[in-house]
1. Mind listing whichever residues of segment 172-185 are within 11 Å of ligand 1 (Cβ to nearest atom) and either in a loop (DSSP other than H, G, I, E, B) or open to solvent by 20 Å² or more (accessible area, probe 1.4 Å) (or both)?
2. Give segment 109-140 a look and list any residue that's farther than 15 Å from Leu251 by Cβ, in contact with a Lys or Arg (Cβ under 9 Å, 6 or more places away or on another chain) and not aromatic (Phe, Trp, Tyr), or say none.
3. Condition first: out of contact with any Asp or Glu (no Cβ under 7 Å at 6 or more places or on another chain) and more than 23 Å from Ala156 (Cβ to Cβ). Now tell me which residues in segment 413-429 satisfy that.
4. Name the helices (runs of 4 or more DSSP H) wholly within segment 1-97 that hold at least 2 residues that are in contact with a helix residue (DSSP H, G or I) (Cβ under 8 Å, 6 or more places away or on another chain) and surrounded by fewer than 17 Cβ atoms within 10 Å (Cβ to Cβ)?
5. Please find, among Gly357, Gly301, Gly330, the residue that is farther than 30 Å from Val497 by Cβ, at pLDDT 95 or above, in contact with a strand residue (DSSP E or B) (Cβ under 8 Å, 6 or more places away or on another chain) and open to solvent by 10 Å² or more (accessible area, probe 1.4 Å).
6. Among the residues in segment 464-477, are any within 16 Å of ligand 2 (Cβ to nearest atom) and of a type in the set (Gly, Ala, Ser)?
7. Have a look at Ser440, Ser499, Ser485 and point out the one that is of a type in the set (Ser, Thr, Tyr), away from ligand 1 (no atom under 15 Å from the Cβ) and crowded, with 23+ Cβ neighbours inside 10 Å.
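The values are calculated or read from the model by the stated rules, or taken from the named source; none is laboratory data. Bear in mind that the values here come from a model prediction, so they are computed numbers and not experimental data. Positions of Cβ are generated from backbone atoms using ideal geometry, with glycine treated the same way; all protein chains shown enter the neighbour counts. These accessible areas exclude ligands, DNA and RNA; they are computed on the full protein's heavy atoms, side chains included. Shrake-Rupley method; radii C 1.70, N 1.55, O 1.52, S 1.80 Å.
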Amino acid sequence: MTITVFVPCDAAALAVGADKVAAAISREIEARGVDARVVRNGSRGLLWLEPMVEVRTEHGRIAYGPVTPGDVPELFAADFLQGGAHPLCQGRTRDIPFLRNQTRLTFARCGVTDPLSLDDFRAYSGLKGLEKALAMSPGEIVAAVTESGLRGRGGAGFPTGIKWKTVLDAPGTTKYIVCNADEGDSGTFSDRMVMEGDPFMLIEGMIIAGMATGATKGYIYTRSEYPHAIETMRRAITIAREANLLGPSILGSGRAFDLEVREGAGAYVCGEETSLLNSLEGKRGIVRAKPPLPALQGLFGCPTVVNNVISLASVPVILDRGPAFYRDFGVGRSHGTIPIQLAGNVKHGGLYETAFGLSLGEIVNDIGGGTLSGRPVKAVQVGGPLGAYFPPSLFDTVFDYEAFAARDGLIGHAGIVVFDDTVDMLKQARFAMEFCAIESCGKCTPCRIGSTRGVETVDRIAHGIEPEQNKALLADLCNTMKFGSLCALGGFTPYPVMSALKHFPEDFVPAPVKEAAE
Ligand SMILES: Cc1cc2nc3c(=O)[nH]c(=O)nc-3n(C[C@H](O)[C@H](O)[C@H](O)COP(=O)(O)O)c2cc1C
Ligand code: SF4
């Protein structure tokens, strides 16, 4: 029987040489005349092991990693095609603790299948949610999503079912589904992994969203920095059209839905939904005032669902397994699973899908293995560049929207960036203000002017100029930005700044005093 070797085609694996590894394995197969083939799969999300090569054996899939092209002859010599022993062998893939302890609902197929094989997709439960949705009315689909407790994974945690109901009930014959795949948050990559590793799941979720709300056209808005995701999504859409999964009659149902991928130039603010809509319409990516809500007047003035990739990709399993199944995972009002993305100075960086409810300490220390440098963790930033910095003393915070909000933090898109004790938190506070100044769309004063004044104020503290007065001024400025900004870019920049000041006051001691202390 032909042996299957899997080499990921995910951008994170490609960045560390997966193409060269795949080529080396193909050459060796040819040279040795063995009956084996290479399949390019998505990533399993164990990024420190990439390129992680897997071999399908009678004992299950065996993983080897991180593999370099130079390792390939040795792997063949060690009979890796039969799962042979080798220092790079990680054992059975599903037994690797980082994978074994996950609850993979959304990422169940990612890294398992060939992303562009519709046969693989169907073989691993693909289209089951859509098939159920085809037998339901729009109101029933919306009710199921509402009952599941799914909240938007793009950052704000808004209930997806309520958003869909607003669009369903909105008058109008033209409605749109817009998938927010801009993924600008630092340390996040779950959207990209879906698009590169399981694109049909996103297509399935978007078709269901269209059926639920009466929209017949969808757009996936992503950034030009994601060339592999764009290419894979476009190819998947073509395959889906050829299979009648997209087009005038979805699987012969008589219901229409079609999709397009659109590339943005990579402005952080274009991830904000109204700015994104302007960009999609070909205008400058500037934030629109709300109301009107995009659900009522969105793309080209029509009712529009704007949802994050993970929100939409979570829908097929909800429809397939039922809302109660999904709702039972999690804690409090945070239902289901969340793909946590671990990045920065962390030993085991990658994607970890789990039910809401783990503590931050468990995530960083037990799952992430602490810092890569081996030094103590000083801070973690949760929720992207607008998220708060948490010190280890807050590691008992449970991963849940409300628990983070209660401690002046946010989950955002579930990215966690780890820093060791060499980080200077004053510099991080300055960076947050500078980031806001660079990325501000310029529409409102607290953000446009406040962020620049913020950088100057942090600089004055750093130089020992009236430090106490300037710290008070910084707090006052943050207050104005928080309550006076039109969108969360200006409104949430105070979170990293104020959390740095609150939890790490020792880093805001002016330079002359610091030197004296040394
Ligand atoms: C500055 C800024 C950047 C944002 N970037 C993203 C992004 O990259 N991806 C995303 O899904 N949501 C992003 N959002 C949130 C969106 O505005 C919106 O809430 C989200 O797409 C709604 O989808 P959801 O309900 O599925 O979360 C951003 C918001 C702000 C204020
Ligand atoms: S807060 Fe900043 S990004 Fe948001 S609308 Fe105002 S100027 Fe634009």
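1. Asn180, Asp182, Glu183, Gly184, Asp185
2. Result: Cys110, Gly111, Val112, Asp114, Pro115, Leu116, Asp120, Ser125, Gly139.
3. Once the filter is applied, which keeps residues that are out of contact with any Asp or Glu (no Cβ under 7 Å at 6 or more places or on another chain) and more than 23 Å from Ala156 (Cβ to Cβ), segment 413-429 yields Val418, Phe419, Asp420, Asp421, Thr422, Val423, Lys427, Gln428, Ala429.
4. By residue number, 18-32.
5. Of Gly357, Gly301, Gly330, the one residue that is farther than 30 Å from Val497 by Cβ, at pLDDT 95 or above, in contact with a strand residue (DSSP E or B) (Cβ under 8 Å, 6 or more places away or on another chain) and open to solvent by 10 Å² or more (accessible area, probe 1.4 Å) is Gly330.
6. No, segment 464-477 contains no residue that is within 16 Å of ligand 2 (Cβ to nearest atom) and of a type in the set (Gly, Ala, Ser).
7. It is Ser499.
One line per residue, one yes/no per condition, for (1) closer than 13 Å to Arg151 by Cα; (2) free of Cβ contacts under 8 Å to residues at least 24 places away in the same chain; (3) within 15 Å of ligand 1 (Cβ to nearest atom):
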| position | (1), (2), (3) |
| --- | --- |
| Glu272 | no, no, yes |
| Leu277 | no, no, yes |
| Glu281 | no, yes, no |
| Gly285 | no, no, yes |
| Ala295 | no, no, yes |
| Ile310 | yes, no, yes |
| Arg327 | yes, no, no |
